[in-house]
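Peer 1: Would you mind keeping the following structure in view while I ask a few things?
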Amino acid sequence: MNGKFRIRLINLNDAKSTLAIYKPYVQNTIISFEYDVPPLDDWELRIKTITAEYPWLVCEYNNEIIGYAYGSKHRYRTAYSWSPESTVYLSQEFHRLGIARILYQTLFALLKLQGYVNVYAGVGLPNVASETFHQALGFYDIGIFKKVGYKHGAWHDTRWFQLHLMAHPDNPPFPKKLSEIENIEDFRNVLNAANEQLKNIDLKN
């Protein structure tokens, strides 16, 4: 690596740093539909719950976390087991450098290794940048929930996107837990490839 950027799995020691990234999105935007910033204990529980099943990646710059991406449960009925949601957040000063794309592509590669087939993403509107970003990564528009969320004095739509990670097999095995793949060579190769891509990030631009 260039000694600056690195992608790795989250751990509980990262809770405070990742919550600090999330905080302004809750307080100042409709990107998150949460009203209140979660307490640190709740955020730690969220990390534990998600990482029991799904990858949660962080990106560091000079050992400081500047962004993260994770998969999470889309619906709780068993038939939805192959179809998680995806989330990505960056510190404001690291937008438009390609880091979110690398985080997302790494997340999707790991989800595919686990055996997930689809990924869904919901975007609170208006948010042209996020819509364009998801479409550029291969997501396609599957519809809008009209005036589904009320925040900051207005009703907001949510546009939903879907990405296929692989062909839809007959009788698919249930996806593997994260712990079942994180020590295999393919898992290491995905992270190594991501960190190779990060060498090309140029903060001067």
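Peer 1: Among residues belonging to region 148-201 that are part of a helix (DSSP H, G or I) and acidic (Asp, Glu), point out the one that is nearest to Ser72 (Cα to Cα). Explain how you work it out, then say what you get.
Peer 2: Taking region 148-201 as the starting set, the residues that turn out to be part of a helix (DSSP H, G or I) are 178-180, 185-198.
Imposing the further condition that a residue be acidic (Asp, Glu) reduces the set to 180, 185-186, 196.
Working: Glu180: 17, Glu185: 24, Asp186: 21, Glu196: 26 Å.
Per the criteria, the residue is Glu180.
Peer 1: Name the residue, out of Ala52, Ala69, that is in contact with a Lys or Arg (Cβ under 9 Å, 6 or more places away or on another chain), among the small types (Gly, Ala, Ser) and within 30 Å of Pro172 (Cβ to Cβ). First the steps, then the outcome.
Peer 2: Working: Ala69 fails: in contact with a Lys or Arg (Cβ under 9 Å, 6 or more places away or on another chain).
The unique qualifying residue is Ala52.
Peer 1: Another question about this same structure. Return the residues of region 109-152 that are open to solvent by 10 Å² or more (accessible area, probe 1.4 Å) and of a type in the set (Gly, Ala, Ser); say none if nothing qualifies.
Peer 2: Ala109, Gly115, Gly122, Ala129, Ser130, Ala136, Gly138, Gly143
Peer 1: Scan region 21-41 and tell me whether some residue there is without any contact (Cβ under 8 Å) to a residue 12 or more places away in the chain, hydrophobic (A, V, I, L, M, F, W, C) and open to solvent by 60 Å² or more (accessible area, probe 1.4 Å).
Peer 2: no
Peer 1: Answer with yes or no whether Thr78 is modelled with pLDDT of 95 or more, among the β-branched types (Val, Ile, Thr) and out of contact with any strand residue (DSSP E or B) (no Cβ under 9 Å at 6 or more places or on another chain). Explain how you work it out, then say what you get.
Peer 2: Working: modelled with pLDDT of 95 or more: yes; among the β-branched types (Val, Ile, Thr): yes; out of contact with any strand residue (DSSP E or B) (no Cβ under 9 Å at 6 or more places or on another chain): yes.
It is true that Thr78 is modelled with pLDDT of 95 or more, among the β-branched types (Val, Ile, Thr) and out of contact with any strand residue (DSSP E or B) (no Cβ under 9 Å at 6 or more places or on another chain).
Peer 1: Shifting gears a bit: Could you list, in sequence order, the residues of region 42-62 that are touching a residue at least 12 places away in the same chain (Cβ under 8 Å), open to solvent by 10 Å² or more (accessible area, probe 1.4 Å) and either within 22 Å of Leu97 (Cα to Cα) or part of a helix (DSSP H, G or I) (or both)? Full working, then the answer.
Peer 2: At the first step, the residues of region 42-62 found to be touching a residue at least 12 places away in the same chain (Cβ under 8 Å) are 43-44, 47-48, 50-62.
With open to solvent by 10 Å² or more (accessible area, probe 1.4 Å) added as a condition, the list becomes 44, 48, 50-54, 60-62.
Matches in region 42-62: Glu44, Lys48, Ile50, Thr51, Glu60, Tyr61, Asn62.
Peer 1: Which one is nearest to Arg8 (Cα to Cα), of the residues in region 182-197 that are surrounded by 14 or more Cβ atoms within 10 Å (Cβ to Cβ) and out of contact with any helix residue (DSSP H, G or I) (no Cβ under 6 Å at 6 or more places or on another chain)? Steps first, please.
Peer 2: The initial filter retains those residues of region 182-197 that are surrounded by 14 or more Cβ atoms within 10 Å (Cβ to Cβ), namely 182, 187, 190-191, 193-195, 197.
Okay, now just the ones that are also out of contact with any helix residue (DSSP H, G or I) (no Cβ under 6 Å at 6 or more places or on another chain), so 182, 187, 191, 193, 195.
Working: Glu182: 11, Phe187: 11, Leu191: 7, Ala193: 12, Asn195: 9 Å.
Among residues in region 182-197 that are surrounded by 14 or more Cβ atoms within 10 Å (Cβ to Cβ) and out of contact with any helix residue (DSSP H, G or I) (no Cβ under 6 Å at 6 or more places or on another chain), the one nearest to Arg8 (Cα to Cα) is Leu191.
Peer 1: Further, regarding this structure: Taking only region 1-20 into account, find how many residues are in a helix (DSSP H, G or I), open to solvent by less than 60 Å² (accessible area, probe 1.4 Å) and either touching a Pro at 6+ places or on another chain (Cβ under 9 Å) or more than 26 Å from Ser130 (Cα to Cα) (or both).
Peer 2: Total meeting the criteria: 1.
Peer 1: So which of Leu163, Leu178 is in contact with a Pro (Cβ under 8 Å, 6 or more places away or on another chain) and either in contact (Cβ under 8 Å) with a residue 12 or more places away in the chain or exposed (fewer than 15 other Cβ atoms within 10 Å of the Cβ) (or both)?
Peer 2: Details: Leu163 fails: in contact with a Pro (Cβ under 8 Å, 6 or more places away or on another chain).
Of the residues listed, the single one that is in contact with a Pro (Cβ under 8 Å, 6 or more places away or on another chain) and either in contact (Cβ under 8 Å) with a residue 12 or more places away in the chain or exposed (fewer than 15 other Cβ atoms within 10 Å of the Cβ) (or both) is Leu178.
Peer 1: Confirm whether Ser83 is of a type in the set (Ser, Thr, Tyr) and open to solvent by 40 Å² or more (accessible area, probe 1.4 Å). Lay out the reasoning, then the answer.
Peer 2: On the way: of a type in the set (Ser, Thr, Tyr): yes; open to solvent by 40 Å² or more (accessible area, probe 1.4 Å): no.
Spelling it out, it is not the case that Ser83 is of a type in the set (Ser, Thr, Tyr) and open to solvent by 40 Å² or more (accessible area, probe 1.4 Å).
Peer 1: Scanning for something of a type outside the set (Ser, Thr, Tyr) and touching a residue at least 60 places away in the same chain (Cβ under 8 Å), does region 73-89 turn up at least one residue?
Peer 2: Keep residues of region 73-89 that are of a type outside the set (Ser, Thr, Tyr), which gives 73-75, 77, 79, 82, 84-85, 88.
Pick out the ones that are also touching a residue at least 60 places away in the same chain (Cβ under 8 Å) and you get 82.
Scanning region 73-89 turns up at least one residue that is of a type outside the set (Ser, Thr, Tyr) and touching a residue at least 60 places away in the same chain (Cβ under 8 Å).
The values are calculated or read from the model by the stated rules, or taken from the named source; none is laboratory data. For clarity, every value in this text was computed on a predicted model and none was experimentally measured. Methodologically, a virtual Cβ is constructed for each residue, glycine included, from the backbone with ideal geometry; neighbour enumeration extends over all protein chains shown. Accessible surface is based on the protein model in full, side chains and every heavy atom, while ligands, DNA and RNA are left aside. Shrake-Rupley method; radii C 1.70, N 1.55, O 1.52, S 1.80 Å.
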